Amino acid sequence: MRKCNRSSRFPMIVTIITLIFLYAPLVVVSIASFNNSKYGGAWRGFSFRWYEKLFTDTAIWEALVNTLVVALIATFFSTLLGTLAALALYKGRGKLQVFHYALVYSPLVVPDILMGISLLLLFVTTIGIGAKIGLSLELGMTTIIIAHVTFCLSYVTMVVLGRLQDFDHSLIEAAQDLGANALQIFFKVTLPIIAPAIIAGALFAFTLSIDDFVITFFVKGAGDTTLPIYIQSAMRRGTPAVINALSVVFLILTFILVFTSQKLLEKKK
């Protein structure tokens, strides 16, 4: 009996250690955001100094707006193209299907630095060709959005395709027996069933886009700053205290969104 009780405590101990490992850095960042010291090496007193600087620093909010614009546009196009790609891969049958799968899934395994360099070479080549034919092209927000759509598309396709693998074809056959055409079947049968996967893929793409640094660093133009780029440059300048305050604000917003979504799911149930 004693051995059984001891063994039953082990998963709880591992869980507690894991939670401490995950949340201890967040607690440290939260405490450091109220430290009057610029570098956080020693406690210099409680202060809201860095939050005041955060909400008055226009550069941070400009970077945040750029990040949200890129993330929203990239999420829309990657969700649309990823859903269509998943439907094509699911319905398509042919010898080239393995090649099609490889094209879609390769961005999942290619290192970010390699993809960033490849996209940069592609954009530079395209800009050079455009200059020869009189088109004015340059690195900027457009190239960032294209790059984000490129790597987010694969993740959306993976999520939606996973949902399609469990699709019940008898529903389509029943709709056809009732006289529904192809468009009616898609919008009234197929789309409602795969809608949760589409939403999940969109959230996945939004998260990846808003958090990306490596690929954005290669394909951005001069003066085009997203929030991850701004944070990296701020850390290099030696001003991490404002970044601590920004991190706490994002943590609070994240917890609010998670709490709200949980409440909505409970009401739905």
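So here's what we get for this one:
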{"quantity": "Relative exposure of Ser47, Ser154, Ser247, judged by other C-beta atoms within 10 Å (fewest first)", "calculated": "Ser47, Ser247, Ser154"}
{"quantity": "Estimated 222 nm signal from helices in the chain, with DSSP H stretches of n ≥ 4 weighted -39500 (n - 2.57), rounded to 500", "calculated": "-26500 deg cm²/dmol"}
{"quantity": "Cα centroid separation, the stretch 18-37 to the stretch 72-149 (Å)", "calculated": "38 Å"}
{"quantity": "Relative contact order computed over the stretch 14-95 (Cα-Cα under 8 Å; 6+ residues apart), in percent", "calculated": "13 percent"}
{"quantity": "Relative contact order [Cα under 8 Å, 6+ residues apart], the chain, whole percent", "calculated": "33 percent"}
{"quantity": "Residues Asp168, Asp224 arranged by fewest to most Cβ contacts within 10 Å", "calculated": "Asp168, Asp224"}
{"quantity": "For q = 0.07 Å⁻¹, Debye-computed log10 I/I(0) when each Cα of the chain counts as one equal scatterer", "calculated": "-0.40"}
{"quantity": "Karplus (6.51, -1.76, 1.60) ³J(HN,Hα), θ = phi - 60°, over the stretch 210-223, in Hz, Gly and Pro reported as x", "calculated": "5, 9, 6, 10, 4, 5, 4, 4, 7, 9, 7, x, 5, x"}
{"quantity": "Under the Karplus curve 6.51 cos²θ - 1.76 cosθ + 1.60, θ = phi - 60°, whole-Hz ³J(HN,Hα) for the stretch 21-35, x wherever Gly or Pro sits", "calculated": "4, 7, 9, 4, x, 5, 5, 4, 5, 5, 5, 5, 5, 9, 7"}
{"quantity": "Dipole magnitude of the stretch 1-115, debye to nearest 20 (Cβ charges: Lys/Arg +1, Asp/Glu -1, about Cα centre)", "calculated": "800 debye"}
{"quantity": "About the Cα centre, charge dipole magnitude for the chain (Lys/Arg +1, Asp/Glu -1 at Cβ), debye", "calculated": "1000 debye"}
{"quantity": "Ranked list, fewest to most other Cβ atoms within 10 Å of each Cβ, for Lys263, Lys220", "calculated": "Lys263, Lys220"}
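Coordinate-derived values only; no laboratory data. None of these values were measured; they are calculated from a predicted model. Don't worry about glycine lacking a Cβ; one is built from the backbone with ideal geometry, like all the others, and counts go over all protein chains shown.
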